[in-house]
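*Asks:* Structure incoming, see below.
Please treat every number below as a calculation from the coordinates, not as lab data. Quantities reported herein were computed from a predicted structural model and do not represent experimental measurements. When we count neighbours, we look across all protein chains shown, and the Cβ atoms used for this are built from the backbone with ideal geometry, even at glycine.
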Amino acid sequence: MRAAVYRSYGPPDVVRIEEVPTPVPGGQEIVVRVHAATLDVTDATARCGSPGYSRLFFGLRRPKWTVLGSDFAGVVEAVGSAVTRVRVGDEVVGVTGPDFGAHAEYVRIHQDGALAPKPANLDFAEAVALADATALAFLRDRARLRPGESLLVNGASGAVGSAAVQLGRHFGARVTGVCSTAHLELVRELGAEEVLDYTTVDFTRSGRRYDVVFDVAGTSSFGRSRRVLTPTGRYLSPVPSPGLLVQMPWTTAFGRRRAIVAFTGLRKAAEKTRDLLFTRELAQAGTLRPVIAARYPLERITEAHQHLDRGKYGNIVVTMTGAGTDTTRAG
């Protein structure tokens, strides 16, 4: 099978298309023919091996896993003799976990892995664009966002941010989105009551107060954002800076305003499966919509990584069908 392989850290061109063995399922394993997978900031971090401390996980001198990609959507191709959860031909969405492997024509996972039926109203690219549950885990589980609370999402047009805006509205919060000039209208369409252009407004000096600041972009800090938090406000970020890692236990023990970081990709497969099922319900109800920046066929994976390095809104999706790039906002 074809796969996007990298064997050393570096720029986008370290990723090459190679022929590798097609996986064969063991007794409790499932092989999925991948139709679409996402390319995200975790893939970029793993590819670059930067920041340096990330190599403690990804591999000190060279990559521990040579095929990137965590979120995938496709069709069950083969199952092991003890598999009871799915059948050949089922359309599914899944997450491989920390060992990657989805940027390939086939991926193998254990039947107890993170897997759910694909939303019936979405194609494979659209479905995989909703597979990442970072926003859900932060807002529902870590912030415990409640109806009537105020939520600010910094980086509201990105893959995680666009989901956070929609989920915040679903949970009954008053949502403010922060993004670039080009994406103000998109964030409004997603449900933000107010949208701030970060090129002209510094939200930390706006004078407004928020119950939750979700700094998806990682361009602010707890120290800067503290002034706009309510007395019991929560500052969330998926970007684990050293300062934030120190502030989190300190504010939990001694402060009313809290700094929160979480490694959502390391959660148990059962938790991820529940999130996939929850997301599927919202997608089929029309409450949650995918935002896709571009679709790249696997053979143009280097271009996809270059796009990611330049910055993006929404999701970058890698397809295995050879379809051309699609820059439509929503899939």
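*Asks:* Could you work out which residue, out of 142, 224, 280, moves most in a Gaussian network model of the chain, that is, has the largest mean-square fluctuation with Cα springs under 10 Å?
*Replies:* Among 142, 224, 280, the largest GNM mean-square fluctuation belongs to 224.
*Asks:* Ok, one more. Mean residue ellipticity at 222 nm from the helices of the chain, using -39,500 (n - 2.57) per DSSP H segment of n ≥ 4 over the full residue count, to the nearest 500 deg cm²/dmol? Before the final figure, lay out each step's value.
*Replies:* Working: 9 runs with 79 residues, N = 331.
The helix contribution divided over the chain gives -6500 deg cm²/dmol.
*Asks:* Under a 10 Å cutoff between Cα atoms, tell me which one of 31, 213, 239 has the largest fluctuation in the Gaussian network model of the chain.
*Replies:* 239
*Asks:* Now, a different point. Based on the Cα atoms of the range 134-265, what semi-axes does the equivalent ellipsoid have, where each is the square root of 5 times one gyration tensor eigenvalue, given in whole Å with the largest first? Display every interim value, and only then the final one.
*Replies:* On the way: eigenvalues 90, 46, 39 Å².
Semi-axes from the Cα gyration tensor: 21, 15, 14 Å.
*Asks:* Place a +1 charge on the Cβ of each Lys and Arg in the range 134-265 and a -1 charge on the Cβ of each Asp and Glu, then give the dipole magnitude about the Cα centre in debye, rounded to the nearest 20. Let's see the in-between values first.
*Replies:* Details: 17 positive and 10 negative charges, 129 e Å.
With Lys and Arg at +1 and Asp and Glu at -1, about 620 debye.
*Asks:* With +1 on the Cβ of every Lys and Arg and -1 on the Cβ of every Asp and Glu, and nothing else charged, how large is the dipole of the range 44-91 about its Cα centre, in debye rounded to the nearest 20? Kindly include the intermediate steps, with their values, before the conclusion.
*Replies:* Values: 7 positive and 4 negative charges, 95 e Å.
Here the size comes out at about 460 debye.
*Asks:* For residue 268, go through the lysines and keep the ones whose alpha-carbon is under 27 Å away, minus same-chain ones fewer than eight residues off.
*Replies:* 64, 118
*Asks:* Now a separate question. Suppose every K and R has +1 on its Cβ and every D and E has -1 on its Cβ; what is the size of the dipole of the chain about the Cα centre, in Debye to the nearest 20? Please list the in-between numbers first.
*Replies:* Numbers: 41 positive and 33 negative charges, 274 e Å.
Approximately 1320 debye in magnitude.
*Asks:* Could you work out the pair-distance distribution P(r) of the chain from its alpha-carbon pairs, with 10 angstrom bin width and percents rounded to whole numbers?
*Replies:* In order of increasing distance, the bins hold 6, 26, 34, 24, 8, 1, 0 percent.
*Asks:* Could you tell me what percent of the DSSP beta bridges with both partners in the chain are antiparallel, to the nearest 5? If you can, show how the numbers build up before the last one.
*Replies:* Values: 31 of 58 bridges.
Of those bridges, close to 55 percent are antiparallel.
*Asks:* Which one of 94, 218, 74 has the biggest mean-square fluctuation once the chain is modelled by GNM with Cα springs under 10 Å?
*Replies:* 218
*Asks:* Restricting the count to DSSP beta bridges whose residues both fall in the range 134-265, what percent are antiparallel, rounded to a multiple of 5? If you can, show how the numbers build up before the last one.
*Replies:* Working: 0 of 21 bridges.
Once the DSSP bridges in the range 134-265 are tallied, antiparallel ones form about 0 percent.
*Asks:* Per residue, how big is the convex hull around the C-alpha atoms of the range 273-319? Give it to me in cubic angstrom, could you? Walk me through the numbers before you get to the answer.
*Replies:* Numbers: hull volume 4.3 nm³, N = 47.
Each residue corresponds to 92 Å³ of Cα convex hull volume.
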